[in-house]
Structure formats: C-alpha cells, structure tokens
Amino acid sequence: MHRQANASGVAAAVAIVMIGLAIAMGWLVLSGGVLSSAADPVLDGPLADTQIVVAAPAALAEGMRIESAVQFSQPRDPFRPLITDAAVAGNGTGDGTGGGGGDGVTNGSSVTLQEINSVDGVLRATVIVDGVTYIVGVGDTFAGSFQVVSLTTDSGVFLNGDNAFELSVGQQILK
C-alpha cells in the first residue's frame, strides 16, 4: 500500500512539471519571446544588396567559393609556444619582438605579395616565395603548388594545394 501511494505521488509530480513546461512553451511561442513587447520596433525597408564574385571558377573544387570579405589565416600548432627565450633575446628566429616562437624550424614557404600592377589592362601580381620573385596573373601556377585564384588592385586570393588564402599588398604568410 505504501508503494502505491509513493508511485502516485511521483506520477503527480511528473504531470505537474509536464503541464508547467507545456504552458511555458506555449507562452514563448505565442508571445514571441520572454522579453519582447508589442512596442518593440519592427525592422522594415529594403535589404542591402550583396554580391559574391568568384574568379576563375575552373580553378576551384566543386562547392568551393572564395569571398573577399573572409579573412584566411595560417593554421598554427597549438602546442608550439608563441614566445620563446631565443626569440626575445634576438638570437633565435625572432627579431626581438617575441613573435618568432617555436624551435626555429619553419615547415613551409614564406609567401609575400609585393605589389599588383595592371599590364595592358590585366592585373599581374609580384609574389615572392622563399626569396624567388614571380610575376603572375589569374590562373597562373607558380613555385610548384601555388595558384592565383583572383586579383584586385590591393589584394589577391591564392591556392596552395587545396588551401585557399588571401594576401593584401605588403602582407606575408608562411605556407
């Protein structure tokens, strides 16, 4: 008898909780939210025009798109320290600013976008890879596995194998 009374008490508690949840969910759905009110302004007017431009679509894998508003960055080893004693002292790979980090071993190529010029109406980029200068245009492959995807007057989008990255004039990246 005691067990039946205990089970009916639990069932009643579960029923009350379920009813409370149903009421709360109905209130949220019908009222538009907990903190909203009828006096909240409604956004209206035309939406801003957006445009996605993809240059050299044959160079991209299917489903891949390049957007100039996206900042591409170099992946970093999370276990490699950002600042080392050698970098701070100036006798390692760093320049004394503390940005060198690591053990001084570089695992890639240094890529610098030096300038972009218009040659006969076609944009050409001057790119330096590990000290070798290349003058390239959209679609050109250089330094082995690098390819130019698109160029603007102040930046370029490049591929290194399957990895896309963007450089502005004067920027350098380790790939």
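A few notes on this one:
- When residue 159 is tested against (1) in a strand (DSSP E or B); (2) within 27 Å of residue 81 (Cα to Cα); (3) touching a residue at least 60 places away in the same chain (Cβ under 8 Å), only condition (2) is not met.
- Those residues of the range 120-156 which are polar (S, T, N, Q), surrounded by 13 or more Cβ atoms within 10 Å (Cβ to Cβ) and not in a loop (DSSP other than H, G, I, E, B), in sequence order: 126, 141, 147, 150, 155
- Top-ranked residue in the range 141-167 [being acidic (Asp, Glu) and farther than 12 Å from residue 111 by Cα; ranked as farthest from the chain's Cα centre (by Cα)]: 154
- Checking the range 168-175 against the condition returns no match, with no residue being over 14 Å from residue 111 (Cα atoms), touching a residue at least 24 places away in the same chain (Cβ under 8 Å) and surrounded by fewer than 13 Cβ atoms within 10 Å (Cβ to Cβ).
Quick note: the coordinates plus some simple rules give every number you see, no bench work behind them. In this text the structure is predicted, and so the values were computed from the model without any measurement. Cβ: placed from backbone, ideal geometry, glycine included. Neighbour counts: every protein chain shown.
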